[in-house]
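Structure first, then comments.
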Amino acid sequence: MIYENVKAIADKKGISIYELEKKAKLGNGTIGKWNDVSPNVENLSKVAKVLNVSINTLIKEQVTS
């Protein structure tokens with residue numbers, strides 16, 4: 001869920017996951033692991049800052065109808 005949200009927001013902003021990881025000063029592949037492992041708050045905060053969104057936006061469950 002978190003990875004999908006991050007990916008969708010990054011795509012809208014024209015930023016690749018690789019570029020996002022570099023800008024957030026995260027290791028290569030860190031965000032991709034968020035499919036299986038929950039990120040820590042520090043890393044979520046770094047990504048939210050780069051994407052200019054709140055942490056809540058990154059972690060909220062998308063409601064589909």
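Bear in mind that the values in this text are calculations on the coordinates, not laboratory data. A quick note: this is a predicted structure, and the numbers were derived from the prediction, not measured. Methodologically, a virtual Cβ is constructed for each residue, glycine included, from the backbone with ideal geometry; neighbour enumeration extends over all protein chains shown.
Within the bounds of segment 6-17, is there any residue that is on the phi < 0 side of the Ramachandran plot and touching a Phe, Trp or Tyr at 6+ places or on another chain (Cβ under 6 Å)? Among the residues of segment 6-17, not one is on the phi < 0 side of the Ramachandran plot and touching a Phe, Trp or Tyr at 6+ places or on another chain (Cβ under 6 Å), which makes the answer no.
Screening segment 12-65 for helices (runs of 4 or more DSSP H) wholly inside it with 3 or more residues that are touching a strand residue (DSSP E or B) at 6+ places or on another chain (Cβ under 9 Å) returns no ranges.
In segment 1-28, the qualifying residues are those that are in contact (Cβ under 8 Å) with a residue 40 or more places away in the chain and surrounded by fewer than 17 Cβ atoms within 10 Å (Cβ to Cβ), and the one that is nearest to residue 47 (Cα to Cα) is 4.
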